[in-house]
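Novice: Have a look at the structure that comes next, please.
Please treat every number below as a calculation from the coordinates, not as lab data. Treat the numbers as computed from the prediction; the structure is a model and nothing was measured. FYI the Cβ positions are ideal-geometry reconstructions off the backbone, even for glycines, and counts take in every protein chain you see.
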Amino acid sequence: MKLVKGDNGNSEFGWIGRGIEISGDIAFSDRLQVDGKVSGKITSDGGTLIIGETGHLEAQIDVGVCVVHGAINGNLTARSKVEIRRTGRVDGDVMTPVLLVEEGAVFNGVIKMGQDSSANRMLEEVPPVSADAEALRAARRA
């Protein structure tokens, strides 16, 4: 992986180029662009993961923002936003508060959205509404 310092000295980003294949866990802090192949787990507390058109990930992903131009096969959690661009393909479940899917993109999986989507919380079962409660609501609306 190539690590590049930004012009301002504060920004660091990694780049996995075409023809590079990595197997294992990857952790990054600011930005990572993948144009090669990665299998394993990719994590970042708040960083941005960009999958280029030639990028292919067989991975479990947990990042701040994810922009997909290539292919992901695995579950994706993004704390801020997921963008699946027209050349992108995601085969796996997505958990994020904001999701953008461009026309032409392919998504096969389950979506969980909301402000708490990045938190691993158990869902509570809501009891069915009784007929009496439903009648009371209807009367109030009338």
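Novice: Quick one: Cα convex hull volume of the range 19-109, Å³ per residue? Please list the in-between numbers first.
Specialist: On the way: hull volume 6.1 nm³, N = 91.
Normalising the Cα hull of the range 19-109 by residue number yields 67 Å³.
Novice: Between residue 113 and residue 41, take the C-beta separation as r, use R0 = 22 Å, and let me know the FRET efficiency to the nearest 0.05.
Specialist: On the way: r = 23 Å, r/R0 = 1.03.
Approximately 0.45, to the nearest 0.05.
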